[in-house]
Amino acid sequence: MSSILIVGKNKKKRDVAVQQLLTERGIDPLDVTVVEKDPTLEGKQAKLTIGIDAVKSMQKKLFFKPLKSQQKAIILQDSDSLTLEAQNALLKMLEEPPNDTVIILSSPVKDALLPTILSRCIIVAIQDEEEPLSDKERTNFEDVLSEFRDLSVSKALTLAEKTAKDKQEALVWLEKAIIAARNALLTAIQEGNESAYIYLKVINTLQKTHTIVKTTNTNLRLTLEHCFLSLSQ
């Protein structure tokens, strides 16, 4: 068996890479098992993590024989959402695998996974390109940036609640906010505006928050609340 980790911010590109691997290995769709967060749940019911029960269910299928192919595949979508307990259970699977199975992990980042898992995977990194903001996004984020200076506690908490519904979407939001802040910083510098110092603070705070969210299993909402409240001071 081989274990492969596909890393990249763009989920569509990761999905394409997964499909290419399945095609190259001649694995029929009937021999593919996908493990992911429940996409049918929304709001407060939405699952932000993949727990040990999902990994145990996956483990039961590990020793089934392929139906139509020489190999079968188990795909773990959003592997960065695996809890520590689930990762430890997955590690045992990677240590004693059957020969007719390939496990494919798909994740926007690799730092959220245990080093011992990374050491047992072939890592395929997808090059991510920074996408420019649309006119609508530029306007929306300019409004948000201008509000940061006088952001009330209630507005900061509301913004955090709205942004914290999904980890990956929160990361994308932070990345776009950083791009908008960089653009505002360049404009302020060119105009000799003293607000440049404020945008430097905003960029620094957003980047630190992005790193925390990206590389740890932090409480997403509390982390964003701290970020927005610190920017309003």
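The values are calculated or read from the model by the stated rules, or taken from the named source; none is laboratory data. Quick caveat, the model's predicted, so the values are computed rather than measured. Cβ coordinates were reconstructed from backbone atoms using ideal geometry, including for glycine residues, and neighbour counts include every protein chain displayed.
Applying the selection to segment 182-198, what residues are closer than 15 Å to residue 148 by Cα and at pLDDT below 85?
Passing the criteria: 195, 196, 197, 198.
Look at segment 133-147 and say how many of its residues are more than 23 Å from the chain's Cα centre (by Cα) and loosely packed, with under 15 Cβ neighbours inside 10 Å.
Looking only at that region, the number is 5.
Which residues, taken from segment 16-29, are exposed (fewer than 15 other Cβ atoms within 10 Å of the Cβ) and under 30 Å from residue 175 (Cβ atoms)?
Those that are exposed (fewer than 15 other Cβ atoms within 10 Å of the Cβ) and under 30 Å from residue 175 (Cβ atoms): 16, 19, 20.
On the given criteria, is residue 85 free of Cβ contacts under 8 Å to residues at least 40 places away in the same chain and farther than 17 Å from residue 51 by Cα?
Details: free of Cβ contacts under 8 Å to residues at least 40 places away in the same chain: yes; farther than 17 Å from residue 51 by Cα: no.
Taking the combined requirement at face value, the residue does not satisfy it.
One residue is enough: does segment 70-93 have a residue meeting the conditions at pLDDT below 90, touching an Asp or Glu at 6+ places or on another chain (Cβ under 9 Å) and surrounded by fewer than 16 Cβ atoms within 10 Å (Cβ to Cβ)?
Within segment 70-93 (the criterion being at pLDDT below 90, touching an Asp or Glu at 6+ places or on another chain (Cβ under 9 Å) and surrounded by fewer than 16 Cβ atoms within 10 Å (Cβ to Cβ)), the answer is no, since none of the residues qualifies.
Being crowded, with 17+ Cβ neighbours inside 10 Å and not hydrophobic (A, V, I, L, M, F, W, C) is the filter; apply it to segment 107-125 and report the residue that is farthest from residue 90 (Cα to Cα).
108
List pairs: first in segment 10-38 and among the β-branched types (Val, Ile, Thr), second assigned to a loop (DSSP other than H, G, I, E, B), Cβ under 7 Å, 6+ apart or cross-chain?
From residues that are among the β-branched types (Val, Ile, Thr), the pairs are 27/69; 27/71; 33/61; 34/77; 35/77.
Which number in (1) without any contact (Cβ under 8 Å) to a residue 24 or more places away in the chain; (2) hydrophobic (A, V, I, L, M, F, W, C); (3) closer than 30 Å to residue 80 by Cα marks the one condition that residue 164 misses?
Only one criterion in (1) without any contact (Cβ under 8 Å) to a residue 24 or more places away in the chain; (2) hydrophobic (A, V, I, L, M, F, W, C); (3) closer than 30 Å to residue 80 by Cα is unmet by residue 164, namely (1).
Mind checking which residues of segment 1-35 are modelled with pLDDT under 85 and in contact with a strand residue (DSSP E or B) (Cβ under 8 Å, 6 or more places away or on another chain)?
Across segment 1-35, the qualifying residues are 1, 2.
Taking residue 142 as the residue in question, decide whether it is outside any helix (DSSP H, G or I), without any contact (Cβ under 8 Å) to a residue 60 or more places away in the chain and either closer than 29 Å to residue 79 by Cβ or not assigned by TED's automatic domain parsing to the domain that holds residue 37 (or both).
Working: outside any helix (DSSP H, G or I): no; without any contact (Cβ under 8 Å) to a residue 60 or more places away in the chain: yes; either closer than 29 Å to residue 79 by Cβ or not assigned by TED's automatic domain parsing to the domain that holds residue 37 (or both): yes.
In short, no.
How many residues does segment 148-184 hold that are in a helix (DSSP H, G or I), charged (D, E, K, R) and surrounded by fewer than 16 Cβ atoms within 10 Å (Cβ to Cβ)? I'd like the intermediate steps shown before the answer.
Going through segment 148-184, the residues in a helix (DSSP H, G or I) turn out to be 148, 153-163, 167-184.
When the remaining residues are screened for being charged (D, E, K, R), the result is 155, 161-162, 167, 169, 175-176, 182.
Add one more test, that the residue is surrounded by fewer than 16 Cβ atoms within 10 Å (Cβ to Cβ), and what stays is 155, 161-162, 169, 182.
Adding up the residues that qualify gives 5.
In segment 76-104, how many residues are over 16 Å from residue 34 (Cβ atoms) and either among the polar types (S, T, N, Q) or in the same structural domain as residue 216 (by TED's automatic domain parsing) (or both)?
Total satisfying the criteria: 4.
Residue 101 is checked against (1) without any contact (Cβ under 8 Å) to a residue 60 or more places away in the chain; (2) under 22 Å from residue 15 (Cα atoms); (3) over 23 Å from the mean Cα position of the chain (by Cα) and fails just one. What number does that condition carry?
Result: residue 101 fails condition (1) only.
Could you count how many residues in segment 185-216 are in contact with a helix residue (DSSP H, G or I) (Cβ under 7 Å, 6 or more places away or on another chain) and either surrounded by fewer than 15 Cβ atoms within 10 Å (Cβ to Cβ) or in a helix (DSSP H, G or I) (or both)?
Matching residues across segment 185-216 total 16.
Residue 115 fails exactly one of the following numbered conditions: (1) of a type outside the set (Ser, Thr, Tyr); (2) in contact with a Pro (Cβ under 6 Å, 6 or more places away or on another chain); (3) under 21 Å from residue 167 (Cβ atoms). What is the number of that condition?
(2)
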